[in-house]
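Okay, so here's the structure we're looking at.
The values are calculated or read from the model by the stated rules, or taken from the named source; none is laboratory data. Remember, predicted model here, so these are calculated numbers, not experimental data. Methodologically, a virtual Cβ is constructed for each residue, glycine included, from the backbone with ideal geometry; neighbour enumeration extends over all protein chains shown. Quick note on the areas: whole protein, heavy atoms, side chains included, nothing else; ligands and nucleic acids left out. Shrake-Rupley method; radii C 1.70, N 1.55, O 1.52, S 1.80 Å.
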Amino acid sequence: MRESLRTLNASPPALALGVALRADCSAFSDRTGIPAELVVLDQTPPELPSSRSEALVTAVREALLNVEKHAWASAVVVTVGRFGSSITVAVHDDGVGLGEQHRPGIGLTSTADALARLGGSLTVQSDTDGGTAWRARLPC
């Protein structure tokens with residue numbers, strides 16, 4: 001009941017990021033058959049200007065596309081949360097990870113550039129337990 005009331009009272013811009021990420025996870029699962037779960041660490045993600053929300057959503061779409069094309073994953077978790085004065089979105093998969101010869105392609109490079117223009121950053125690395133850990137950070 002409390003969660004429903006918080007959702008009803010939250011502003012539309014604050015809900016937009018969570019709604020878009022949930023829709024992208026569902027579309028990814030429908031398209032690939034790979035389960036993709038969204039975990040929102042805050043009750044409601046922080047309200048962001050539309051340019052920042054759009055940059056994060058576009059970045060997550062690129063990450064999910066890379067999982068689909070390269071990871072051979074059986075599951076994906078997308079996490080979003082506010083940490084201090086920044087919002088972080090992480091995409092973790094349980095696939096094959098990055099090879100030793102991995103070089104960022106056009107998609108990752110353009111995503112990193114778009115986030116950097118807004119004062120943010122992008123990191124992509126093989127996870128120690130296998131798979132890939134992708135993190136985008138933007139100031140709120």
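Numerical summary
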quantity: Selection status of Arg31, closer than 19 Å to Leu138 by Cβ, without any contact (Cβ under 8 Å) to a residue 40 or more places away in the chain and part of a helix (DSSP H, G or I); calculated: no
quantity: Residue in segment 62-70 that is within 25 Å of Asp42 (Cβ to Cβ) and open to solvent by 50 Å² or more (accessible area, probe 1.4 Å) present; calculated: no
quantity: Hits in segment 103-128 (condition: touching a residue at least 12 places away in the same chain (Cβ under 8 Å) and of a type outside the set (Gly, Ala, Ser)); calculated: Pro104, Leu108, Thr111, Leu115, Leu118, Leu122, Thr123, Val124, Gln125, Asp127
quantity: Members of segment 86-140 that are more than 16 Å from the chain's Cα centre (by Cα), surrounded by 16 or more Cβ atoms within 10 Å (Cβ to Cβ) and on the phi > 0 side of the Ramachandran plot; calculated: Gly97
quantity: Residue count for segment 39-60, restricted to those that are at pLDDT 95 or above and open to solvent by 20 Å² or more (accessible area, probe 1.4 Å); calculated: 0
quantity: Residues of segment 71-85 satisfying the condition of being assigned to a loop (DSSP other than H, G, I, E, B), modelled with pLDDT under 95 and either open to solvent by less than 70 Å² (accessible area, probe 1.4 Å) or aliphatic (A, V, I, L, M) (or both); calculated: Ala73, Gly84
quantity: Glu54, sole failed condition from (1) farther than 16 Å from Trp134 by Cβ; (2) acidic (Asp, Glu); (3) in contact (Cβ under 8 Å) with a residue 40 or more places away in the chain; calculated: (3)
quantity: Of the criteria (1) open to solvent by 40 Å² or more (accessible area, probe 1.4 Å); (2) within 12 Å of Val80 (Cβ to Cβ); (3) at pLDDT 85 or above, which one Ala20 fails; calculated: (1)
